[in-house]
1. Could you tell me which of the residues G128, G123 is assigned to a helix (DSSP H, G or I) and touching a helix residue (DSSP H, G or I) at 6+ places or on another chain (Cβ under 6 Å)?
2. Quickly run through the stretch 10-45 and pick out the residues that are under 19 Å from G239 (Cβ atoms) and among the polar types (S, T, N, Q).
3. Of these, R225, R250, R254, which one is surrounded by 21 or more Cβ atoms within 10 Å (Cβ to Cβ) and of a type in the set (K, R)?
4. Check off (1) free of Cβ contacts under 8 Å to residues at least 60 places away in the same chain; (2) farther than 19 Å from L218 by Cβ; (3) of a type in the set (D, E) for E179 and give me the number that stays unchecked.
5. Within the stretch 197-211, track down each residue that is β-branched (V, I, T) and buried (at least 20 other Cβ atoms within 10 Å of the Cβ).
6. (1) in a helix (DSSP H, G or I); (2) at pLDDT below 95: which one isn't true of E155, the others all being true?
Amino acid sequence: MRLDSHQHFWKYNAEKHSWITDDMKVIQRDFLPDDLIPILTEHQIDGCVAVQSDESFRETAFLCDLAEEYEQIKAVVGWADLGSDDIDKDLDQFASQKKLKGYREILQSKNVDYMLRKEFIRGIKKIGKRGYTYDILIFHNQLEAALHFVKKAPEQPFVIDHIAKPNIKLGIWREWKKEMAPLAERDYIFCKVSGMITEADWKKWTATDLQVYLDVALELFGPKRLMFGSDWPVCKIAGEYEQVLEVIERFTDRLSKTEKEAIMGNTAAGFYGISTKSEQAK
């Protein structure tokens, strides 16, 4: 199964999506499944994972409704305030949503202490007991705190979004690798090779600029814990879906068939509990 493990849908609202600044005008509009599905079909991608981009229960409900309507949305990563005293009640309201597979908060915009709070760790353990995954969205300078965070929940499946956003534009990678390594040593932590071109020079990036980061990710995590994600439509700030896909296709062409299939979909299917074609055929 070929899966895009990371993309977004939204009905653009200037206030709600204030993070989409004027230098990102290309994504200051609605992006919905009917915009993405033809692209997935063109590139023989069987489905996608819709990830939250707004911190609200309304966002989670919006994505779950889309997933119910569109077969191509194989999984949803929603939002919840995991540190809330009402977390059990909040999770209960979405318990019947079969395609809701995990949760995420915008940790990159928060102080590093946020993820180390006892209330937050309590919430992480609660979603784990319910079988949900957790997407870690951070910048590279939050990796040290993330290590302390994941140590507190060793039974929770985690995936690091966008390879933790290293400074690709400046070509800085050695410190990032050093801080990623102890996270990668833990077999319950996965990584998305996604969101890279928007950390590079938006106008001048090349596949060569991304190569060392892909090499390091493969070295640290191996193909069974790496997953391709387009980060569409955010990727459009720096390039088209086809360009992102081509980088990962070429990178994985050097691997065995099984290893390539892992990165291009099977790892994500296993992580998010998505039935593959072979399983569906049984």
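1. On the way: G128 fails: touching a helix residue (DSSP H, G or I) at 6+ places or on another chain (Cβ under 6 Å).
Answer to the selection: G123.
2. Passing the criteria: T21, Q28.
3. On the way: R250 fails: surrounded by 21 or more Cβ atoms within 10 Å (Cβ to Cβ); R254 fails: surrounded by 21 or more Cβ atoms within 10 Å (Cβ to Cβ).
Among R225, R250, R254, only R225 is surrounded by 21 or more Cβ atoms within 10 Å (Cβ to Cβ) and of a type in the set (K, R).
4. (2)
5. In the first step, residues of the stretch 197-211 are kept if they are β-branched (V, I, T); the result is 197-198, 206, 208.
Selection gives I197, T198.
6. Exception for E155: condition (1).
Residue by residue, here is whether (1) buried (at least 17 other Cβ atoms within 10 Å of the Cβ); (2) free of Cβ contacts under 8 Å to residues at least 12 places away in the same chain; (3) closer than 27 Å to M196 by Cβ holds:
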residue	(1), (2), (3)
H43	no, no, yes
T60	yes, no, yes
Y70	yes, no, yes
L91	yes, no, no
F94	yes, no, no
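Residues are listed down the side, and each one gets a yes or a no for (1) touching a Leu at 6+ places or on another chain (Cβ under 8 Å); (2) within 19 Å of I87 (Cβ to Cβ); (3) among the polar types (S, T, N, Q):
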| site | (1), (2), (3) |
| --- | --- |
| I138 | yes, no, no |
| N141 | no, no, yes |
| Q156 | no, yes, yes |
| K165 | no, no, no |
| I168 | yes, no, no |
| W173 | no, no, no |
| K177 | yes, no, no |
| P182 | yes, no, no |
| R186 | no, no, no |
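The values are calculated or read from the model by the stated rules, or taken from the named source; none is laboratory data. The structure displayed is predicted, hence computed values, not measured ones. With ideal geometry, Cβ positions are generated from the backbone for all residues, glycine too; neighbour counts draw on all protein chains shown.
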